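The values are calculated or read from the model by the stated rules, or taken from the named source; none is laboratory data. Just so you know, these numbers come straight off a predicted model, no measurement behind them. Here the Cβ positions follow ideal geometry from the backbone for every residue, glycine too, while neighbour counts run over all protein chains shown. Just so you know, the surface numbers come from the protein's heavy atoms only, side chains and all, with ligands and any DNA or RNA stripped out. Shrake-Rupley method; radii C 1.70, N 1.55, O 1.52, S 1.80 Å.
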Amino acid sequence: MAPRNLAAASPKAKAGALCRGCGGAVDAHAGACPSCGGRRILRHPELFSLSVAHVDCDAFYASVEKRDNPALADRPVIVGGGRRGVVATACYIARTYGVHSAMPMFKALKACPDAVVIRPDMAKYAEAARRIRALMESLTPLVQPVSIDEAFLDLTGVERLHKAPAAVSLARLQARISSEVGVTASVGLSCNKFLAKIASDLDKPRGFSVIGRAEAQTFLADKPIGLIWGVGAALSRKLAADGLRTIGQLQTADPGELARRYGEIGLRLSRLARGEDDRPVNPERDAKSISAETTFETDISERGALEDSLWPLCEKVSRRIKEQGLAGRVAVLKLKRADFSTLTRRTTLDHPTQLAGTLFDTGRALLAKAHDGAPCRLIGIGLCDLEDAAVAGQPELFAPDDARLAAREAALDALRAKFGARVIGTGRGLKKPEQG
Ligand code: TTP
Ligand code: CA
(Lines give C-alpha, C1' and ligand atoms only; values in the text may rest on other atoms or scores of the structure.)
(Ligands and ions follow the chains in the order given, each with its own letter.)
Protein backbone atom coordinates (compact mmCIF):
# COMPACT_ATOMS: atom_id res chain seq x y z
CA MET A 1 0.00 0.00 0.00
CA ALA A 2 1.36 3.42 -0.89
CA PRO A 3 2.49 5.56 2.01
CA ARG A 4 0.36 8.54 2.72
CA ASN A 5 1.69 12.03 2.94
CA LEU A 6 -0.58 14.39 4.78
CA ALA A 7 1.53 17.50 4.44
CA ALA A 8 0.04 20.51 2.88
CA ALA A 9 2.50 21.54 0.22
CA SER A 10 4.68 24.28 1.61
CA PRO A 11 7.13 25.78 -0.83
CA LYS A 12 9.29 27.19 1.97
CA ALA A 13 9.62 24.02 4.03
CA LYS A 14 12.67 21.89 3.45
CA ALA A 15 11.05 18.52 2.93
CA GLY A 16 12.56 15.36 4.25
CA ALA A 17 12.02 12.17 2.34
CA LEU A 18 12.26 8.52 3.16
CA CYS A 19 12.38 5.46 0.95
CA ARG A 20 9.67 3.07 2.09
CA GLY A 21 11.46 0.23 0.36
CA CYS A 22 14.73 0.28 2.28
CA GLY A 23 14.02 2.88 4.96
CA GLY A 24 16.85 5.16 3.89
CA ALA A 25 16.73 8.96 3.82
CA VAL A 26 16.62 10.22 0.26
CA ASP A 27 16.65 13.55 -1.49
CA ALA A 28 13.22 15.13 -1.35
CA HIS A 29 13.12 15.53 -5.11
CA ALA A 30 14.31 12.03 -5.96
CA GLY A 31 11.91 10.08 -8.13
CA ALA A 32 13.40 6.80 -6.94
CA CYS A 33 15.66 5.68 -4.10
CA PRO A 34 19.33 5.76 -5.15
CA SER A 35 20.11 2.77 -2.90
CA CYS A 36 17.33 0.29 -3.69
CA GLY A 37 15.62 1.84 -6.70
CA GLY A 38 12.29 1.84 -4.82
CA ARG A 39 9.68 4.35 -5.88
CA ARG A 40 7.66 4.48 -2.67
CA ILE A 41 8.98 7.75 -1.35
CA LEU A 42 7.45 9.39 1.72
CA ARG A 43 7.87 13.17 1.71
CA HIS A 44 6.90 15.56 4.44
CA PRO A 45 8.19 19.00 5.41
CA GLU A 46 8.52 17.99 9.07
CA LEU A 47 9.61 14.39 8.49
CA PHE A 48 13.07 14.82 10.00
CA SER A 49 12.08 17.09 12.86
CA LEU A 50 9.40 14.92 14.49
CA SER A 51 10.32 12.31 17.08
CA VAL A 52 7.25 10.97 18.91
CA ALA A 53 5.89 7.78 17.41
CA HIS A 54 3.12 5.28 17.91
CA VAL A 55 3.88 1.81 16.60
CA ASP A 56 1.03 -0.67 16.27
CA CYS A 57 1.22 -4.17 14.82
CA ASP A 58 -1.20 -5.04 12.03
CA ALA A 59 -3.90 -7.62 12.80
CA PHE A 60 -1.55 -8.83 15.48
CA TYR A 61 -2.80 -12.29 16.51
CA ALA A 62 -3.65 -13.15 12.90
CA SER A 63 -0.23 -11.97 11.70
CA VAL A 64 1.49 -14.27 14.18
CA GLU A 65 -0.68 -17.18 13.01
CA LYS A 66 0.13 -16.45 9.37
CA ARG A 67 3.81 -16.26 10.21
CA ASP A 68 3.64 -19.73 11.74
CA ASN A 69 1.67 -21.25 8.91
CA PRO A 70 2.64 -19.84 5.51
CA ALA A 71 -0.20 -21.79 3.87
CA LEU A 72 -2.52 -19.20 5.44
CA ALA A 73 -0.81 -16.24 3.78
CA ASP A 74 -3.53 -15.59 1.21
CA ARG A 75 -6.46 -16.93 3.22
CA PRO A 76 -8.94 -14.99 5.33
CA VAL A 77 -7.95 -15.75 8.92
CA ILE A 78 -10.00 -15.11 12.02
CA VAL A 79 -8.53 -15.56 15.48
CA GLY A 80 -11.12 -16.06 18.19
CA GLY A 81 -13.84 -18.34 19.36
CA GLY A 82 -13.55 -20.10 22.66
CA ARG A 83 -15.91 -19.38 25.51
CA ARG A 84 -16.92 -15.89 24.49
CA GLY A 85 -17.45 -16.90 20.88
CA VAL A 86 -16.26 -13.60 19.46
CA VAL A 87 -13.64 -12.49 16.99
CA ALA A 88 -10.39 -11.39 18.69
CA THR A 89 -9.02 -10.17 15.39
CA ALA A 90 -9.32 -10.77 11.67
CA CYS A 91 -6.55 -10.51 9.11
CA TYR A 92 -6.84 -7.77 6.53
CA ILE A 93 -8.19 -10.19 3.91
CA ALA A 94 -11.01 -11.27 6.25
CA ARG A 95 -11.72 -7.61 7.03
CA THR A 96 -12.65 -7.02 3.39
CA TYR A 97 -15.67 -9.24 4.13
CA GLY A 98 -16.66 -6.99 7.01
CA VAL A 99 -15.26 -9.17 9.79
CA HIS A 100 -13.94 -7.22 12.77
CA SER A 101 -12.84 -7.59 16.39
CA ALA A 102 -15.58 -8.31 18.95
CA MET A 103 -18.00 -9.56 16.26
CA PRO A 104 -19.84 -12.74 17.27
CA MET A 105 -18.16 -15.65 15.52
CA PHE A 106 -21.39 -16.91 13.90
CA LYS A 107 -21.84 -13.52 12.26
CA ALA A 108 -18.24 -13.45 11.12
CA LEU A 109 -18.59 -16.84 9.50
CA LYS A 110 -21.79 -15.78 7.81
CA ALA A 111 -19.92 -12.83 6.30
CA CYS A 112 -16.87 -14.88 5.40
CA PRO A 113 -17.71 -18.61 5.26
CA ASP A 114 -14.26 -19.53 3.90
CA ALA A 115 -12.39 -18.05 6.81
CA VAL A 116 -9.89 -20.17 8.69
CA VAL A 117 -10.73 -19.86 12.38
CA ILE A 118 -7.91 -20.24 14.88
CA ARG A 119 -8.18 -20.35 18.66
CA PRO A 120 -5.98 -17.72 20.35
CA ASP A 121 -2.59 -18.86 21.60
CA MET A 122 -1.71 -16.13 24.06
CA ALA A 123 1.71 -17.52 24.96
CA LYS A 124 2.76 -17.25 21.35
CA TYR A 125 1.50 -13.67 21.00
CA ALA A 126 3.12 -12.63 24.27
CA GLU A 127 6.44 -14.01 23.07
CA ALA A 128 6.22 -12.06 19.79
CA ALA A 129 5.23 -8.95 21.76
CA ARG A 130 8.27 -9.32 24.03
CA ARG A 131 10.60 -9.50 21.06
CA ILE A 132 8.98 -6.46 19.46
CA ARG A 133 9.29 -4.58 22.74
CA ALA A 134 12.99 -5.45 22.91
CA LEU A 135 13.52 -4.08 19.39
CA MET A 136 11.76 -0.87 20.41
CA GLU A 137 13.84 -0.57 23.54
CA SER A 138 17.02 -0.96 21.53
CA LEU A 139 16.06 2.34 19.87
CA THR A 140 15.12 4.39 22.90
CA PRO A 141 14.53 3.86 26.62
CA LEU A 142 11.34 5.90 26.26
CA VAL A 143 8.94 3.16 25.23
CA GLN A 144 5.45 3.23 26.71
CA PRO A 145 3.47 0.08 25.99
CA VAL A 146 -0.22 0.74 25.42
CA SER A 147 -1.34 -2.81 24.86
CA ILE A 148 0.16 -6.12 23.81
CA ASP A 149 0.99 -4.93 20.30
CA GLU A 150 1.36 -1.17 20.45
CA ALA A 151 3.56 1.38 22.13
CA PHE A 152 4.58 5.00 22.10
CA LEU A 153 8.23 5.77 21.47
CA ASP A 154 9.97 9.06 22.08
CA LEU A 155 13.13 9.32 20.03
CA THR A 156 13.91 12.91 20.95
CA GLY A 157 17.61 13.18 21.62
CA VAL A 158 18.60 9.76 20.36
CA GLU A 159 19.06 10.87 16.75
CA ARG A 160 22.77 11.48 17.32
CA LEU A 161 23.21 8.08 18.90
CA HIS A 162 21.66 6.42 15.86
CA LYS A 163 23.18 8.92 13.44
CA ALA A 164 19.78 9.15 11.81
CA PRO A 165 16.58 11.17 12.18
CA ALA A 166 13.80 9.49 14.16
CA ALA A 167 11.88 8.77 10.95
CA VAL A 168 14.76 6.72 9.56
CA SER A 169 15.21 4.77 12.82
CA LEU A 170 11.48 4.03 12.84
CA ALA A 171 11.53 2.79 9.25
CA ARG A 172 14.39 0.49 10.25
CA LEU A 173 12.44 -0.69 13.29
CA GLN A 174 9.49 -1.48 11.07
CA ALA A 175 11.76 -3.52 8.80
CA ARG A 176 13.29 -5.38 11.76
CA ILE A 177 9.89 -6.22 13.25
CA SER A 178 9.01 -7.73 9.92
CA SER A 179 12.27 -9.61 9.27
CA GLU A 180 13.07 -10.70 12.84
CA VAL A 181 9.64 -11.29 14.38
CA GLY A 182 7.74 -12.02 11.20
CA VAL A 183 4.80 -9.65 11.62
CA THR A 184 4.11 -6.21 10.19
CA ALA A 185 3.54 -2.97 12.04
CA SER A 186 2.34 0.53 11.23
CA VAL A 187 4.06 3.69 12.38
CA GLY A 188 2.58 7.07 13.18
CA LEU A 189 5.06 9.90 13.54
CA SER A 190 4.26 13.30 14.98
CA CYS A 191 5.16 15.78 17.70
CA ASN A 192 3.06 14.24 20.47
CA LYS A 193 1.31 11.06 21.57
CA PHE A 194 -2.19 12.13 20.56
CA LEU A 195 -1.27 12.89 16.96
CA ALA A 196 1.14 9.94 16.67
CA LYS A 197 -1.62 7.55 17.72
CA ILE A 198 -3.99 8.95 15.11
CA ALA A 199 -1.26 8.81 12.46
CA SER A 200 -0.44 5.13 13.00
CA ASP A 201 -3.98 4.20 12.05
CA LEU A 202 -4.16 6.21 8.82
CA ASP A 203 -2.36 3.89 6.48
CA LYS A 204 -2.65 0.37 7.89
CA PRO A 205 -1.31 -2.21 7.26
CA ARG A 206 2.46 -1.55 6.87
CA GLY A 207 1.72 2.15 7.15
CA PHE A 208 4.04 5.03 7.86
CA SER A 209 2.10 8.25 8.33
CA VAL A 210 3.15 11.65 9.48
CA ILE A 211 1.08 14.44 11.00
CA GLY A 212 3.15 17.59 11.29
CA ARG A 213 2.62 20.45 13.72
CA ALA A 214 1.71 22.84 10.94
CA GLU A 215 -1.10 20.74 9.54
CA ALA A 216 -2.50 19.29 12.76
CA GLN A 217 -5.40 21.70 13.29
CA THR A 218 -6.52 21.60 9.68
CA PHE A 219 -6.19 17.85 9.54
CA LEU A 220 -8.30 17.41 12.68
CA ALA A 221 -10.97 20.03 11.91
CA ASP A 222 -13.44 17.89 9.97
CA LYS A 223 -12.85 14.68 11.92
CA PRO A 224 -15.48 13.39 14.34
CA ILE A 225 -14.78 13.94 18.04
CA GLY A 226 -14.83 10.16 18.47
CA LEU A 227 -11.42 10.08 16.80
CA ILE A 228 -9.99 11.52 20.00
CA TRP A 229 -8.46 8.68 21.90
CA GLY A 230 -10.42 8.03 25.07
CA VAL A 231 -13.65 9.65 23.90
CA GLY A 232 -16.00 6.72 24.06
CA ALA A 233 -19.55 6.35 22.85
CA ALA A 234 -21.08 7.81 26.02
CA LEU A 235 -19.01 10.99 25.94
CA SER A 236 -19.54 11.33 22.17
CA ARG A 237 -23.29 11.18 22.77
CA LYS A 238 -23.14 13.76 25.50
CA LEU A 239 -21.08 16.12 23.34
CA ALA A 240 -23.36 15.53 20.34
CA ALA A 241 -26.39 16.35 22.47
CA ASP A 242 -24.70 19.71 23.11
CA GLY A 243 -24.17 20.17 19.38
CA LEU A 244 -20.49 19.21 19.37
CA ARG A 245 -19.68 16.65 16.70
CA THR A 246 -16.48 17.62 14.94
CA ILE A 247 -13.06 18.34 16.34
CA GLY A 248 -13.23 21.67 14.50
CA GLN A 249 -16.19 22.67 16.70
CA LEU A 250 -14.04 21.97 19.75
CA GLN A 251 -11.26 24.09 18.25
CA THR A 252 -13.51 27.13 18.05
CA ALA A 253 -15.36 26.59 21.34
CA ASP A 254 -14.27 28.72 24.27
CA PRO A 255 -11.95 26.58 26.49
CA GLY A 256 -13.37 28.17 29.64
CA GLU A 257 -16.87 27.20 28.59
CA LEU A 258 -15.76 23.64 27.82
CA ALA A 259 -14.10 23.43 31.25
CA ARG A 260 -17.24 24.73 32.93
CA ARG A 261 -19.46 22.25 31.13
CA TYR A 262 -17.29 19.14 31.13
CA GLY A 263 -14.65 19.70 33.78
CA GLU A 264 -11.08 18.56 33.31
CA ILE A 265 -11.90 16.57 30.21
CA GLY A 266 -13.37 19.69 28.58
CA LEU A 267 -10.06 21.48 28.92
CA ARG A 268 -8.20 18.47 27.66
CA LEU A 269 -10.48 18.07 24.67
CA SER A 270 -9.95 21.73 23.83
CA ARG A 271 -6.18 21.28 23.83
CA LEU A 272 -6.24 17.97 21.95
CA ALA A 273 -8.56 19.47 19.32
CA ARG A 274 -5.83 21.99 18.59
CA GLY A 275 -3.32 19.16 18.33
CA GLU A 276 -1.73 20.02 21.68
CA ASP A 277 -0.76 17.19 24.00
CA ASP A 278 2.06 17.54 26.48
CA ARG A 279 1.81 14.09 28.05
CA PRO A 280 5.28 12.60 28.08
CA VAL A 281 6.03 9.11 26.80
CA ASN A 282 6.22 7.41 30.15
CA PRO A 283 8.01 4.07 30.18
CA GLU A 284 7.24 3.34 33.82
CA ARG A 285 3.55 3.84 33.47
CA ASP A 286 2.62 0.36 34.67
CA ALA A 287 4.95 0.06 37.60
CA LYS A 288 4.75 3.55 38.95
CA SER A 289 2.77 5.10 41.67
CA ILE A 290 2.56 8.77 42.42
CA SER A 291 2.60 9.76 46.05
CA ALA A 292 3.47 12.53 48.44
CA GLU A 293 4.22 12.51 52.13
CA THR A 294 5.11 14.89 54.90
CA THR A 295 6.95 14.50 58.20
CA PHE A 296 5.57 16.64 61.00
CA GLU A 297 7.71 18.95 63.10
CA THR A 298 5.93 17.60 66.16
CA ASP A 299 3.99 14.36 66.30
CA ILE A 300 0.24 14.63 65.66
CA SER A 301 -2.41 12.44 67.22
CA GLU A 302 -5.56 14.46 66.53
CA ARG A 303 -7.56 13.12 63.55
CA GLY A 304 -8.62 16.54 62.26
CA ALA A 305 -5.05 17.77 62.19
CA LEU A 306 -3.99 14.66 60.28
CA GLU A 307 -6.77 15.30 57.76
CA ASP A 308 -5.62 18.89 57.38
CA SER A 309 -2.17 17.69 56.45
CA LEU A 310 -3.62 15.21 53.99
CA TRP A 311 -5.26 17.77 51.71
CA PRO A 312 -2.13 19.54 50.37
CA LEU A 313 -0.62 16.12 49.73
CA CYS A 314 -3.69 15.11 47.70
CA GLU A 315 -3.37 18.31 45.71
CA LYS A 316 0.27 17.56 45.02
CA VAL A 317 -0.44 13.99 43.89
CA SER A 318 -3.33 15.21 41.74
CA ARG A 319 -1.20 17.91 40.12
CA ARG A 320 1.56 15.47 39.27
CA ILE A 321 -0.78 12.80 37.99
CA LYS A 322 -2.57 15.33 35.78
CA GLU A 323 0.75 16.64 34.45
CA GLN A 324 1.59 13.14 33.35
CA GLY A 325 -1.82 12.47 31.86
CA LEU A 326 -2.38 9.49 34.16
CA ALA A 327 -5.13 8.33 36.48
CA GLY A 328 -4.87 5.88 39.39
CA ARG A 329 -7.23 3.15 40.39
CA VAL A 330 -5.81 2.36 43.83
CA ALA A 331 -5.38 4.88 46.64
CA VAL A 332 -2.78 4.20 49.33
CA LEU A 333 -2.51 5.88 52.71
CA LYS A 334 0.63 5.64 54.79
CA LEU A 335 1.07 6.52 58.45
CA LYS A 336 4.27 6.36 60.46
CA ARG A 337 3.69 6.37 64.19
CA ALA A 338 5.91 8.13 66.72
CA ASP A 339 7.43 4.73 67.55
CA PHE A 340 8.42 4.46 63.87
CA SER A 341 6.02 1.60 63.13
CA THR A 342 4.48 2.12 59.71
CA LEU A 343 1.10 1.11 58.43
CA THR A 344 -0.33 1.38 54.94
CA ARG A 345 -3.94 1.03 53.91
CA ARG A 346 -5.15 0.80 50.36
CA THR A 347 -8.44 0.77 48.58
CA THR A 348 -9.48 0.21 44.98
CA LEU A 349 -11.62 3.00 43.57
CA ASP A 350 -14.67 2.43 41.41
CA HIS A 351 -12.79 4.02 38.54
CA PRO A 352 -9.34 5.58 38.02
CA THR A 353 -9.06 9.14 39.25
CA GLN A 354 -6.86 12.19 38.93
CA LEU A 355 -8.89 14.28 41.33
CA ALA A 356 -7.52 15.68 44.57
CA GLY A 357 -11.03 15.70 46.01
CA THR A 358 -11.65 12.02 45.30
CA LEU A 359 -8.24 11.11 46.67
CA PHE A 360 -8.85 13.20 49.78
CA ASP A 361 -12.24 11.63 50.48
CA THR A 362 -10.76 8.17 50.03
CA GLY A 363 -7.72 9.02 52.14
CA ARG A 364 -9.93 10.41 54.89
CA ALA A 365 -11.96 7.20 54.97
CA LEU A 366 -8.78 5.12 55.10
CA LEU A 367 -7.47 7.32 57.88
CA ALA A 368 -10.64 6.86 59.89
CA LYS A 369 -10.14 3.09 59.74
CA ALA A 370 -6.39 3.07 60.23
CA HIS A 371 -5.76 5.72 62.86
CA ASP A 372 -6.13 4.51 66.41
CA GLY A 373 -5.28 7.83 68.07
CA ALA A 374 -1.58 7.10 68.35
CA PRO A 375 0.73 10.05 67.72
CA CYS A 376 2.07 10.05 64.18
CA ARG A 377 5.25 11.51 62.77
CA LEU A 378 4.47 11.13 59.06
CA ILE A 379 1.51 10.88 56.73
CA GLY A 380 1.57 10.03 53.05
CA ILE A 381 -0.96 9.42 50.31
CA GLY A 382 -0.65 8.18 46.74
CA LEU A 383 -2.27 6.62 43.74
CA CYS A 384 -1.06 3.48 42.06
CA ASP A 385 -2.26 1.06 39.40
CA LEU A 386 -1.87 3.95 37.00
CA GLU A 387 -3.22 4.15 33.52
CA ASP A 388 -3.41 6.71 30.81
CA ALA A 389 -6.13 9.16 31.72
CA ALA A 390 -7.39 9.23 28.14
CA VAL A 391 -7.72 5.47 28.18
CA ALA A 392 -9.28 5.57 31.64
CA GLY A 393 -11.85 7.75 29.92
CA GLN A 394 -12.66 10.03 32.83
CA PRO A 395 -15.84 8.25 33.86
CA GLU A 396 -16.00 10.75 36.71
CA LEU A 397 -17.76 12.89 34.21
CA PHE A 398 -20.79 10.69 34.54
CA ALA A 399 -20.92 10.47 38.29
CA PRO A 400 -22.76 13.70 39.18
CA ASP A 401 -20.86 14.44 42.39
CA ASP A 402 -17.51 13.73 40.86
CA ALA A 403 -18.39 15.73 37.76
CA ARG A 404 -18.91 18.81 39.95
CA LEU A 405 -15.62 18.11 41.67
CA ALA A 406 -13.89 17.61 38.33
CA ALA A 407 -15.28 20.89 36.99
CA ARG A 408 -14.15 22.74 40.08
CA GLU A 409 -10.67 21.26 39.94
CA ALA A 410 -10.43 21.99 36.23
CA ALA A 411 -11.27 25.63 36.90
CA LEU A 412 -8.59 25.77 39.59
CA ASP A 413 -6.10 24.02 37.32
CA ALA A 414 -6.78 26.60 34.62
CA LEU A 415 -6.10 29.38 37.13
CA ARG A 416 -2.95 27.69 38.29
CA ALA A 417 -1.77 27.33 34.70
CA LYS A 418 -2.26 31.06 34.31
CA PHE A 419 -0.98 32.37 37.61
CA GLY A 420 1.30 29.63 38.92
CA ALA A 421 0.72 26.63 41.13
CA ARG A 422 1.49 28.35 44.40
CA VAL A 423 -0.83 31.27 43.98
CA ILE A 424 -4.07 29.33 44.09
CA GLY A 425 -5.01 27.44 47.20
CA THR A 426 -8.48 26.08 47.67
CA GLY A 427 -8.92 27.08 51.24
CA ARG A 428 -8.90 23.44 52.19
CA GLY A 429 -5.12 23.49 52.03
CA LEU A 430 -5.04 26.47 54.35
CA LYS A 431 -7.63 25.61 56.95
CA LYS A 432 -9.32 22.62 58.42
CA PRO A 433 -11.69 20.97 55.95
CA GLU A 434 -15.34 20.86 56.83
CA GLN A 435 -16.25 17.59 58.47
CA GLY A 436 -18.80 15.23 57.00
P1 TTP B 1 -5.66 -4.19 17.97
O2 TTP B 1 -4.34 -3.48 17.88
O3 TTP B 1 -6.85 -3.38 18.35
O4 TTP B 1 -6.03 -4.84 16.58
P5 TTP B 1 -5.14 -5.66 15.57
O6 TTP B 1 -3.68 -5.58 15.89
O7 TTP B 1 -5.69 -7.03 15.46
O8 TTP B 1 -5.44 -4.90 14.21
P9 TTP B 1 -4.97 -3.46 13.73
O10 TTP B 1 -4.14 -3.70 12.50
O11 TTP B 1 -6.25 -2.76 13.41
O12 TTP B 1 -4.21 -2.82 14.84
O13 TTP B 1 -5.55 -5.38 18.99
C14 TTP B 1 -4.38 -6.15 19.14
C15 TTP B 1 -4.74 -7.58 19.45
O16 TTP B 1 -5.56 -7.62 20.60
C17 TTP B 1 -5.55 -8.21 18.36
O18 TTP B 1 -4.72 -8.81 17.34
C19 TTP B 1 -6.36 -9.24 19.09
C20 TTP B 1 -6.56 -8.62 20.47
N21 TTP B 1 -7.92 -8.07 20.56
C22 TTP B 1 -8.92 -8.86 21.15
O23 TTP B 1 -8.65 -9.98 21.60
N24 TTP B 1 -10.20 -8.37 21.20
C25 TTP B 1 -10.53 -7.15 20.70
O26 TTP B 1 -11.72 -6.74 20.77
C27 TTP B 1 -9.50 -6.33 20.12
C28 TTP B 1 -9.84 -4.98 19.56
C29 TTP B 1 -8.22 -6.84 20.08
CA1 CA C 1 -2.72 -3.58 16.36
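Give region 147-186 a look and list any residue that's over 20 Å from Asp201 (Cβ atoms) and touching a His at 6+ places or on another chain (Cβ under 6 Å), or say none.
Selection gives Ser169 alone.
Just to verify a result, which residue in region 65-89, among those that are among the small types (Gly, Ala, Ser) and within 21 Å of Ala123 (Cβ to Cβ), is nearest to ligand 2 (Cβ to nearest atom)?
If we take residues in region 65-89 being among the small types (Gly, Ala, Ser) and within 21 Å of Ala123 (Cβ to Cβ), then Ala88 is nearest to ligand 2 (Cβ to nearest atom).
Do we find a residue being of a type in the set (S, T, N, Q) and within 19 Å of the chain's Cα centre (by Cα) anywhere in region 237-257?
The answer is no; no qualifying residue exists.
How about region 156-197: which of its residues are farther than 21 Å from His44 by Cβ and part of a strand (DSSP E or B)?
none
Here's the yes/no breakdown for (1) within 21 Å of Arg279 (Cα to Cα); (2) away from ligand 1 (no atom under 16 Å from the Cβ); (3) of a type in the set (A, V, I, L, M):
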position: Gln144; (1), (2), (3): yes, no, no
position: Lys197; (1), (2), (3): yes, no, no
position: Ser209; (1), (2), (3): yes, no, no
position: Glu215; (1), (2), (3): yes, yes, no
position: Pro224; (1), (2), (3): no, yes, no
position: Arg237; (1), (2), (3): no, yes, no
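Against the condition of a type outside the set (Lys, Arg) and in contact (Cβ under 8 Å) with a residue 60 or more places away in the chain, how does Ser51 come out, does it pass? First the steps, then the outcome.
Details: of a type outside the set (Lys, Arg): yes; in contact (Cβ under 8 Å) with a residue 60 or more places away in the chain: yes.
Yes; evaluated as a whole, the condition is true for this residue.
Taking helices (runs of 4 or more DSSP H) that do not extend beyond region 65-155, which have at least 3 residues that are open to solvent by less than 60 Å² (accessible area, probe 1.4 Å)?
Working: elements: 92-95, 105-111, 122-137.
Result: 105-111, 122-137.
Looking only at region 331-347, count every residue that is under 31 Å from the mean Cα position of the chain (by Cα) and either at pLDDT below 90 or open to solvent by less than 10 Å² (accessible area, probe 1.4 Å) (or both) and tell me the total.
Selection size over region 331-347: 2.
Test Ala185 against the criterion of being within 16 Å of ligand 2 (Cβ to nearest atom), open to solvent by less than 10 Å² (accessible area, probe 1.4 Å), modelled with pLDDT under 95 and farther than 18 Å from Asp277 by Cα, and give yes or no.
Working: within 16 Å of ligand 2 (Cβ to nearest atom): yes; open to solvent by less than 10 Å² (accessible area, probe 1.4 Å): yes; modelled with pLDDT under 95: no; farther than 18 Å from Asp277 by Cα: yes.
No.
Can you pull out the residues in region 47-74 that are within 16 Å of ligand 1 (Cβ to nearest atom) and among the charged types (D, E, K, R)?
Asp56, Asp58, Glu65, Lys66, Arg67, Asp68
Take region 349-365 and flag every residue that is open to solvent by 10 Å² or more (accessible area, probe 1.4 Å) and at pLDDT 90 or above.
Thr358, Asp361, Thr362, Arg364, Ala365
Restricting to region 20-48, name every residue that is in contact (Cβ under 8 Å) with a residue 24 or more places away in the chain and part of a strand (DSSP E or B).
Ala25, Ile41, Leu42, Arg43, His44
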